[in-house]
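Here the structure is laid out as structure tokens; the discussion comes afterwards.
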Amino acid sequence: MSDPRITSSIFTRGAVDLSALRAPAPTSAPVQAGPPAGAPGGAVGGATVIDVTEATFQSEVLERSLTTPVVIDFWAEWCEPCKQLSPVLERLAVEGGGAWVLAKIDVDANPRLAQMFRVQGIPMVYAVVGGQPVDAFSGVVPEAQLKQWIQAVLKAGGVALTEPADPRLDEADDALMTGDLDAAEHAYRKILADFPADAAAEAGLAQVGLARRVGGADPQGALAAAAANPDDVDAQLLAADIEVISGLAEQAYKRLVDTVRRTAGDDREKVRQHLIGLFSIAGPDDPAVATARRALASALF
């Protein structure tokens, strides 16, 4: 069920053996407290966001997931990317009104859980449905893509969304997920013809463009070319696309804002429009977009 809009950072782990976690934790393992004040997690939105330890994993994650999809956020206090992703996950969980639960697991306090889930880097996010992991991704992804991933998790869990999406949007999303970019573009444009300000359709159309631009590109080669040729506008644009699809949106925004500062005339306008297009993928509520917009305004004026 992985969403191709975050294919570079999302991946299926295969079978994760949780059998050892279905039994009580060893008596020598202390019960961990929640994260310190100011750290990600905590009692947010009642039961929609919970702190989980090895001692509570069976009841709070495995058993709960039999009736309600559970999204696990593996994090640590020292992890800066976690501080970008976790607040967004927490807000979406609260906004979900109980349709799914966010389980926060501190990898430093619960290394056995991290090992069982083969966590090699954080932030790492797993979806658990029916007592089994069904999908996962690592890194920071734009909010619009995160919402689509959560929606897919809810569908996998048989959850009826409280606000059903426009059937045409489902059609467009399905086409994008199967790689039929032409059909996806056509479907998104049909929606925008009727509702020009539809943010989801705008984001989808921007994702189609992004998928086409990075298709067949060599990520490492493109990034190296951009680093070697800072004045090559096309190289900077492709590098930014690769960074966005790799979960490094803030890095991409900074790259293009810096390029705006170095360019003028048609080149500057080309970079500006490209950056605005990338903004639409994340959505206006993304804090990174708000920060980058201010930086862009400063670079332009």
Taking only the alpha-carbon positions of the range 167-300 as identical scatterers, the Debye log10 I(q)/I(0) at q = 0.20 Å⁻¹ comes out as -1.16
Expected sort for 133-142, 290-299 on mean C-beta neighbours within 10 Å, highest first, is 133-142, 290-299
Among Lys155/Lys270; Lys147/Lys254; Lys83/Lys147, the pairs whose Cα-Cα distance exceeds 27 Å are Lys155/Lys270
Calculate, in nm to one decimal, what Gln132 and Asp285 gain on full extension: separation in residues at 0.36 nm each, minus their alpha carbon distance.
51.9 nm
Ordering 74-84, 209-219 by per-residue average of other C-beta atoms within 10 angstrom, highest first, gives 74-84, 209-219
What are the aspartates and glutamates whose alpha-carbon lies under 13 Å from the alpha-carbon of Lys104, with same-chain residues fewer than 8 places away excluded?
Asp51, Glu54, Glu60, Asp73, Glu77, Glu90
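Computed from the coordinates by the stated procedures, all read-outs in this text should not be read as laboratory data. As the structure is a computational prediction, the values presented were derived from the model and not from experiment. Because the Cβ atoms are built from the backbone with ideal geometry, glycine has one as well, and the counts that use them run over all protein chains shown.
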